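Peer 1: I'd like to ask you about the structure that follows.
Just so it is clear, none of the values below were taken in a lab; they were calculated from the coordinates. Just so it is clear, the structure is predicted and the values come from calculations on it, not from any experiment. A quick note on method: Cβ atoms are made from the backbone with ideal geometry, for glycine too, and the neighbour counts reach across all protein chains shown.
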Amino acid sequence: MRELKYWKAVNEALSEEMARDERVTLVGEDVAAPGGPFGASRGLLDKFGPWRVKDTPISEAVIAGLGVGAALAGLRPVVEIMFFDFMGLAMDQVVNQAAKVSYMSGGRQRLPLTIRTICGAGRNNGPQHSQNLEAWFCHVPGLKVVWPSTPADAKGLLKSAIRDDNPVIVIDSLSLWTSTESVSEEEVLTPIGKAVVRRSGADATVVAVGAMVPRALAAATQLATEGIDTEVIDLRTLSPLDRETILTSVAKTHRLVIAHDAVKPFGFGAEIAAMVAEEALEELDARIRRVAAPWAPVPFSPALEGAYYAQAPEIQAAVRAVLDRK
Amino acid sequence: MSAIAPAPLSRERLLELYRVMATIRRFEEVACQLLVDGKITAGLHASIGQEAVATGVCGGLELRDLILSNHRGHGHCIAKGVDLRAMMAELMGKASGTNRGRGGSMHIADSAQGILGANGIVGGGIPIAVGAAYACRVRQSDQVVACFFGDGAANEGVCHEGMNLASLWKLPVLFVCEHNQYAEHTPQNVHAAVPDLAVRAAGYAMPGVTVDGNDVLAVLSAVGTAVKLARSGGGPTFLEFKTYRIRGHFEGDPQRYKPAGEQDRWKERDPLKLFTEYLTGPGGLGQPPLEAIKQDVENAIREAVAFAEAAPLPALDEVTANVYAES
């Protein structure tokens, strides 16, 4: 075991997968000589050379499309879109092209593409560098969307994404970038499509992803002092959604809270709530609660951003509400 | 007839060029009729009048080279070697189609023939072509990638992003601009700030040429130069081929936007007419067996239609098949 920082876990995943398979390449803004805008690709240019690790101009559409073409022509490319918000510039290549290769070809083509992007939320990065846009991509058949919350999963999910023969969007929370955990030296491939129960509990289920997971766990710790036993599910993969883990938990606790940093209306929490209501309404002893950002872009001012994202107290309040406690 | 004097081509090669052009012409005519007859549903963008570009470009490529095509791409795919029967079946939405009926006319793909895919998004294939060329470069293969797009697509942002990147990295891309004078229903002087789009190539430090796209030998010659440059690591070329689409943007388009006389002037420069005149004229092949070739073409297309009509429709469970590839 060793202490592994989140960003180093990403770096290790890239390095190991590129060493293992010469078809894996990394392309994006500032990934090569600068070692990544936040250090994720430090050292890779020296190890793998200037064709496999390449700095691009600021051209998100062509960066994404380059990934599509390279994957169609024999590589297993990783492309980076620096901030989640910039996916807007790459939408055609991601949604109309990458997502549809397998289906539109009747299964005769496949697209082993990984798109890495960073969510800048919680770092005073302002309205255009802080968005949680995962619902857009979860809504597109053909894409997979994963979002780790720990260094071990950051490494394991990125490795799995690179080995997946489908277009996988891997989102990292900037606010978790320097978080640390004890991680095994052994190679672990975190399965895509499998959530994990981070804290087992009997009284209520809280479903979260990415940077919200530590806040959900903090809420659970506080609630335990009040005699409330909270089960916290870390989705890890948003699409394809692990319905089984969610439904099994709801069948046990009968109370569901979904917490996310994306704005509440039309967020992925809506999908989980609708799915549970459709499949297991009779299991619920209380209404479903969603804890999420309000209907507004992300404000810059630290005074405002602090109030914008739900924190542990808001999650605690929601759990107490589904238990009819004050 | 040719503005650019090509290297002498063998009789076999010349007749093959004719055969490909005749096949495209007849396939498109038959497909348009099948649309009228209701055997093919909407979404047909015929390339009648533009056969020389597809034929000349693919004629200058090898099987191992790759193409990205567009919504007006049947000709590109035929010239690159797609099976006519499978393509006709795809147009009819059959399970035996190139894409198992899942894509249709605008998405024909056949990786075995180097047809990475046709695209329904104008300009959508350009970034993909750049990526495919990058892959060839990483794999140290001497393949080249030809990307077909129109004068309309040349104004998409991705065309500029793609040209910049391909030139910077010296990627083996042929940017093939089929300038057919119209972007959908809008003429080029209303959609482009310059009449000859190849001038933009200089802005990206790559060679740009404007060529008579209805002269198949001129097309072939220009492509030869570009392919040689690309294969030797010299980077991309912007090839602008001036041509004209005799039919509408889509089948059924009433074409009210075409000024009187314009279509007739271009019909005088029909690429098949020009090439026939060359082959049968002085400096040509004397009395080449063009009628026999046309009959072979007719038979091949009839066979394709029969195959497609007899082919099964996809089963209903295919609605949700292959959304993901199994690893």
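Peer 1: Can you count the Lys pairs in chain B whose Cα atoms are under 16 Å apart, with each pair 8 or more apart or on different chains?
Peer 2: So the count works out to 5.
Peer 1: Further, regarding this structure: In whole Hz, with x marking every Gly and Pro, tabulate ³J(HN,Hα) for segment B:161-174 from phi via Karplus 6.51 cos²θ - 1.76 cosθ + 1.60, θ = phi - 60°.
Peer 2: 4, x, 5, 4, 5, 4, 6, 4, 8, 6, 7, x, 10, 9
Peer 1: Moving on. Is it possible to state the helix-based mean residue ellipticity at 222 nm for chain A, with each DSSP H run of 4+ residues giving -39500 (n - 2.57), the sum divided by total residues, to the nearest 500 deg cm²/dmol? What is it?
Peer 2: That comes out to -10500 deg cm²/dmol.
Peer 1: Give or take rounding to whole Å, what are the principal axis extents of the alpha carbon atoms in segment B:1-142, in descending order?
Peer 2: Sorted largest first, the three principal extents are 45, 40, 25 Å.
Peer 1: Here's a follow-up. Where q = 0.18, 0.21 Å⁻¹, what log10 of I(q)/I(0) comes from the Debye formula for segment B:159-199, counting one point per Cα?
Peer 2: Each listed q maps to, in turn, -0.62, -0.76.
Peer 1: Determine the gain in length on full extension of the stretch B:K267-B:V323; use 0.36 nm per residue of separation and subtract their C-alpha separation, reporting nm with one decimal.
Peer 2: Taking B:K267 through B:V323 to full extension adds about 15.7 nm, to one decimal.
Peer 1: OK, next. Using a 10 Å Cβ count of at most 13 others and DSSP loop calls, identify the longest part of chain A lacking such GluC sites (Glu not before Pro). All intermediate terms of the calculation are to be shown ahead of the outcome.
Peer 2: Values: sites that count: A:E22, A:E185, A:E186, A:E187, A:E226.
Counting only loop sites that pass the neighbour cut-off, the longest clear stretch is A:23-184.
Peer 1: Using only Cα atoms, what is the ratio of the radius of gyration of segment A:4-100 to 2.2 N^0.38 Å?
Peer 2: My calculation over the Cα atoms of segment A:4-100 gives 1.03.
Peer 1: In percent, how large is the relative contact order of segment B:24-311, given Cα pairs closer than 8 Å and 6 or more residues apart?
Peer 2: The value is 22 percent.
Peer 1: Using the alpha carbons of chain A, what is the convex hull volume per residue in cubic angstrom, as a whole number?
Peer 2: 131 Å³
Peer 1: Taking the alpha-carbon centroid of each part, what is the distance from segment A:158-188 to segment A:30-79 in angstrom?
Peer 2: So the two Cα centres are separated by 17 Å.
Peer 1: Using modelled backbone amide H atoms (1.01 Å from N, in-plane), which distant-in-sequence or interchain residues come within less than 5 Å of A:R108's amide H?
Peer 2: Result for A:R108 returns nothing.
Peer 1: Percent of Cα-Cα pairs per 10 Å bin, from 0 to the last occupied bin, for segment A:196-322, please list those.
Peer 2: Going out from 0 Å in 10 Å bins, segment A:196-322 shows 14, 48, 31, 7, 0 percent.
Peer 1: For a quick check: sort B:T225, A:T205 by the number of other beta carbons within 10 angstrom, fewest at the front.
Peer 2: Fewest-to-most ranking of B:T225, A:T205: B:T225, A:T205.
Peer 1: From the phi of every residue in segment A:212-229, what ³J(HN,Hα) in whole Hz does the Karplus formula 6.51 cos²θ - 1.76 cosθ + 1.60 yield, where θ is phi - 60° and glycine or proline is x?
Peer 2: Values, residue by residue: 6, 4, x, 5, 5, 5, 4, 4, 5, 4, 5, 5, 4, 5, 9, x, 9, 9 Hz.
Peer 1: Can you put A:T230, A:T225 in order, fewest other beta carbons within 10 Å first? Please report the intermediate quantities before stating the final value.
Peer 2: Working: A:T230 27, A:T225 7.
Going from sparsest to densest Cβ surroundings: A:T225, A:T230.
Peer 1: Calculate for chain B the 222 nm mean residue ellipticity that helices alone would give, adding -39,500 (n - 2.57) per DSSP H run of length 4 or more and normalising by residue count, nearest 500 deg cm²/dmol.
Peer 2: For chain B, the value works out to -12500 deg cm²/dmol.
Peer 1: Defining a contact as two alpha carbons under 8 Å apart and six or more residues distant in sequence, what relative contact order in percent does chain A show?
Peer 2: The value is 16 percent.
Peer 1: Oh, and also: Between B:E16 and A:Q222, how high is the FRET efficiency from 1/(1 + (r/R0)^6) when r is the Cβ-Cβ distance and R₀ = 51 Å? Nearest 0.05.
Peer 2: 0.05
Peer 1: Another question about this same structure. If you plug each phi of segment A:301-314 into the Karplus form 6.51 cos²θ - 1.76 cosθ + 1.60 with θ = phi - 60°, what whole-Hz ³J(HN,Hα) values come out, in order, with x for Gly and Pro?
Peer 2: Here the 3J(HN,Hα) series is 3, x, 5, 7, 5, x, 8, 6, 8, 5, 10, 3, x, 5 Hz.
Peer 1: On alpha carbon coordinates alone, what is the Rg over Rh value for the protein assembly as shown, Rh being the Kirkwood radius?
Peer 2: Using Cα coordinates only, the ratio equals 1.05.
Peer 1: Here is a further query. Applying 1/(1 + (r/R0)^6) with R0 = 41 Å to the Cβ-Cβ distance of A:T248 and A:D21, what FRET efficiency is obtained, to the nearest 0.05? List each step's numbers first, then the result.
Peer 2: Numbers: r = 35 Å, r/R0 = 0.86.
Calculated value: 0.70.
Peer 1: Mind listing the long-range amide H neighbours of A:R198? Cut-off is under 5 Å, sequence gap 5 or more, other chains count too, H placed in the peptide plane at 1.01 Å from N.
Peer 2: Excluding prolines and chain starts, which carry no amide H, the hits are A:V232, A:I233, A:D234.
Peer 1: In nanometres, what is the gap between the two model label sites at A:E181 and B:D37, each 7 Å from Cα along Cα-to-Cβ?
Peer 2: 6.4 nm
Peer 1: How far is it, in nm, from the label point at A:D55 to the one at B:E309 when both lie 7 Å from their Cα along the line to the Cβ?
Peer 2: So the label points at A:D55 and B:E309 sit 6.2 nm apart.
Peer 1: If the reach is capped at under 22 angstrom between alpha carbons, list the lysines near A:K159, excluding any in the same chain fewer than eight residues apart.
Peer 2: Of all the lysines, those that pass the test against A:K159 - Cα under 22 Å, at least 8 places apart if same chain - are A:K5, A:K8, A:K47, A:K54, A:K144, A:K194.
Peer 1: How would B:R19, B:R102, A:R110, B:R265 line up from fewest to most surrounding beta-carbon atoms within 10 angstrom?
Peer 2: Details: B:R19 17, B:R102 25, A:R110 21, B:R265 10.
Taking fewest neighbouring Cβ atoms as first place, the list is B:R265, B:R19, A:R110, B:R102.
Peer 1: Taking amide H positions as placed 1.01 Å from N in the peptide plane, with prolines and chain starts having none, which residues 5 or more places from B:I108, or on another chain, fall under 5 Å of its amide H?
Peer 2: Counting only residues 5 or more places away or on other chains, the set is B:A118.
Peer 1: Compute log10 of I(q)/I(0) for segment B:96-238 with the Debye formula, placing one identical point scatterer on every Cα and leaving out solvent, at q = 0.09, 0.11, 0.21, 0.22 Å⁻¹, to two decimals.
Peer 2: Taken in order of the listed q values, log10 I(q)/I(0) reads -0.27, -0.41, -1.38, -1.45.
Peer 1: Consider just the alpha-carbon atoms of segment B:24-311 and return their Rg together with their Dmax, both in angstrom.
Peer 2: 18.2, 52
Peer 1: Let me ask something else about it. How big, on average over all directions, is the shadow cast by the Cα convex hull of segment A:2-183, in nm²?
Peer 2: 9.5 nm²
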